[in-house]
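First up is the structure itself, then whatever we jot down about it.
The values are calculated or read from the model by the stated rules, or taken from the named source; none is laboratory data. These numbers come from a predicted model, not from an experiment. Positions of Cβ are backbone-derived with ideal geometry, glycine not excepted, and every protein chain shown enters the neighbour counts. All accessible areas refer to the heavy atoms of the entire protein, side chains included, with ligands and DNA or RNA removed. Shrake-Rupley method; radii C 1.70, N 1.55, O 1.52, S 1.80 Å.
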Amino acid sequence: MLGNFIYYNPTKLYFGTEVEKNLHDALNNFGKKVLLVYGGGSIKNNGIYATVTKVLKETDKEVIELSGVMPNPTLAKLLEGVKIAKENDVDLILAVGGGSTIDYSKGVAAAAWYDGDAWENFWVKQNEPAADQKVIPVGSVLTLAGTGSEMNGGSVITDEEHKLKLGKVFGERLIPKFAILNPEYTFSLPQNQMVAGIFDIMSHIMEQYFSGDDDSTSDYLAEGLMRSLIASSRVAIKDPKNYEARSNIMWIATWALNTLIGKGKRQDWMVHMIAHTIGAFTHATHGMALSAISAAYYRLIMKFGVHRFARFAKVVWEIPAEGKTESELAAAGIDALENWIKEIGAASNVSVLGVTSDMIDDIAAATILGGGYKQITKEDIVEILKNAVK
Ligand code: NZQ
Ligand code: ZN
């Protein structure tokens, strides 16, 4: 395993069905004033709001509510939350929802006590809050398995006016202090959101897996997570209330992006960079933007990391190597990925997301460039998108 690293993660995870008891314990570690952040109201329909507010009452908290966090949360909404958090001098932000709500809560937690242009400082310049700047602790109750936001520092915010969707990965002060992971809380998700979450998880693992060629434990962990995800996805698609499958998916999501499997690795993240720009242009659901371009992206970079793609085919998709060249095996792995995208009902082209051919140049120009096996150029992105249009 090459590369030096530090691994530390401060999130206390409470996994399983005894949510009330767990939340009670978790909240006891924080002050009285709680900013309760949630999205467009799904938590009121599925009973999670009632459960959480009951515990907040029992723990004698003073609750300030901040609702309406939209998928792909916007800068305008962030600034509204910053004002509320500061005015009320809250002791804890409790995010109840999916990645958007948790990302948003971290953004508010970082920006509330920053006296300047928070967007410019944290998201554009990628600075951390200064050591002497107050940041508000965040806790979370997760309702959608996908982003890993419950155990990482990621906060992705969209500046709608300038069509910019930027992610800031904050340091340990902004990683949630606790996360309540109750797989049953994901049962009420519409099928397309469950599927988008599943593909997001797969993409997080692949973004870390497709880089480097040393013998790294991180890659063996990644392969195990992908195999488990594929198996559980096949159960969950047919039987969405299958606790075993949904609990596996939730646990894989958390470990896919809490930095563990990226340790010692260069990593890629270009599928995410392109998908973020697509999101800024179309408001596409994050996981669907990833699935729509993945096959086209991996076909473009395959020859630069052909050993790893062949290993992916053999280990993750169990494709026999006999009778195939390494390139043929590698290509068969990408075909298997594409077939699985269709099998679970994720988007397999960008046209269904609203991307049209005349948007391709602008999307390519607005995307942050990087890569794992290949340094990606603007021209590469144009080619990927052309291959991903139906
Ligand atoms: O807003 P509500 O009413 O809650 O409805 C949400 C929303 O419409 C709904 N939902 C969530 N849980 C539900 C539910 N509906 C019924 N039952 C439930 N249990 O699902 C919709 C999508 O929710 P959202 O939070 O937007 O989805 P997700 O968790 O996929 O988060 C996406 C955001 O996270 C960012 C994405 O870019 C996007 O902005 N990401 C964050 C990352 C991180 N923190 O590390 C990394 C990811 O790569 C990603 O970029
Ligand atoms: Zn993602």
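What is the magnitude of the charge dipole of region 1-127 about its Cα centre, with +1 placed on the Cβ of each Lys and Arg, -1 on the Cβ of each Asp and Glu, and no other charges, expressed in debye to the nearest 20?
With only Lys, Arg, Asp and Glu charged at Cβ, the dipole is about 180 debye.
Rounded to a whole number, what % of the accessible area of region 195-288 do carbon and sulfur atoms account for, probe 1.4 Å?
With neighbouring chains kept in place, the figure for region 195-288 is 55 percent.
In Å², what does the accessible area per residue of the chain work out to with a 1.4 Å probe?
For the chain, the solvent-accessible area averages 41 Å² per residue.
What ranking do 357-363, 320-326, 377-383 get when scored by the average of other Cβ atoms within 10 Å per residue, highest first?
Put in order of decreasing packing, that is 377-383, 357-363, 320-326.
Just for the chain, what percent of DSSP beta bridges are antiparallel, to the closest 5?
Of all bridge pairs located within the chain, approximately 20 percent are antiparallel.
Sort 286-295, 85-94 by packing, meaning the average of other beta carbons within 10 Å per residue, with the highest value first.
Those peptides, ordered most packed to least, come out 286-295, 85-94.
Using a simple charge model, +1 on the beta-carbon of Lys and Arg, -1 on the beta-carbon of Asp and Glu, nothing else, what dipole does region 243-390 show about its Cα centre, in debye to the nearest 20?
420
Along the charge dipole of region 16-89, which of Ile48, Phe30, Ile84 sits closest to the positive end, that is, farthest toward it, with unit charges on the beta carbon of Lys, Arg, Asp and Glu (+1, +1, -1, -1)?
Ile84
For the chain, what is the calculated [θ] at 222 nm in deg cm²/dmol (nearest 500), taking -39500 (n - 2.57) for each run of four or more DSSP H residues and dividing by its residue count?
The helix contribution divided over the chain gives -14500 deg cm²/dmol.
Apply the a/c threshold of 1.5 to the C-alpha gyration tensor of region 316-374 and tell me whether it is rounded, prolate or oblate. Don't skip to the end; give the middle numbers.
Details: a/c = 3.16, a/b = 1.69, b/c = 1.87.
Oblate.
If you roll a 1.4 angstrom probe over the protein chains with everything in place, what fraction of the accessible area of region 1-105 belongs to carbon and sulfur, to the nearest %?
The computed percentage sits at 50.
Taking 29 Å as the cut-off for C-alpha to C-alpha distance, list the pairs among Lys324/Lys378; Lys265/Lys378; Lys12/Lys33; Lys168/Lys263 that go past it. Walk me through the numbers on the way to the answer.
On the way: Lys324/Lys378 33 Å; Lys265/Lys378 24 Å; Lys12/Lys33 21 Å; Lys168/Lys263 18 Å.
With Cα atoms farther than 29 Å apart: Lys324/Lys378.
Let me know the shape class of region 293-339, please: from the alpha-carbon gyration tensor, a ≥ b ≥ c as square roots of the eigenvalues, rounded when a/c is under 1.5, otherwise prolate if a/b is greater than b/c, or oblate. Numbers along the way, then the final one.
Values: a/c = 1.95, a/b = 1.34, b/c = 1.46.
Because a/c hits 1.5 or more and a/b fails to exceed b/c, region 293-339 counts as oblate.
Could you tell me the calculated FRET efficiency between Trp113 and Lys32, based on Cβ-Cβ distance and R0 = 30 angstrom, to the nearest 0.05?
Once rounded, the FRET efficiency stands at 0.95.
Can you sort Arg311, Arg246 by 1.4 Å-probe accessible area, starting with the largest?
Arg311, Arg246
Rounded, prolate or oblate: which fits region 153-220, taking a ≥ b ≥ c as square roots of the Cα gyration tensor eigenvalues, rounded meaning a/c under 1.5, else prolate when a/b beats b/c?
It comes out rounded by the Cα gyration axes.
Mind giving me the FRET efficiency for Lys57 and Lys241? R0 is 22 Å, r the Cβ-Cβ distance, nearest 0.05 is fine.
The value I calculate is 0.15.
Report the full-extension gain for the segment Arg227 to Ala130: residue separation times 0.36 nm, less the Cα-Cα distance, to one decimal in nm.
Result: 30.8 nm gained on full extension.
Hey, with R₀ at 41 Å, roughly what FRET efficiency would Gln191 and Lys386 work out to, going by the Cβ-Cβ distance, to 0.05?
With R0 = 41 Å, the Cβ-Cβ based efficiency is 0.90.
Compute the convex hull volume of the Cα atoms of the chain, divide it by the residue count, and report the result per residue in Å³ as a whole number.
128
Mind checking which helices in the chain clear 24 Å along their axis (Cα) and have mean Kyte-Doolittle hydropathy of -1.0 or more, DSSP H runs only?
Long hydrophobic helices here: 191-209, 217-238, 326-344.
What fraction of the Cα pairs in region 191-334, stated in percent, has a spacing above 18 angstrom? Write out the running numbers ahead of the final one.
Working: 5944 of 10296 pairs.
Everything past 18 Å amounts to 58 percent.
Treating the beta-carbon of each Lys and Arg as +1 and of each Asp and Glu as -1, no other charges, what is the dipole magnitude of the chain about its Cα centre, to the nearest 20 debye?
420
Figure the gain on full extension for Asn4 and Tyr220 (residue separation times 0.36 nm, minus the Cα-Cα span) and round it to one decimal in nm. Numbers along the way, then the final one.
Numbers: separation 216, 0.36 × 216 = 77.76 nm, distance 1.80 nm.
In short, 76.0 nm is gained.
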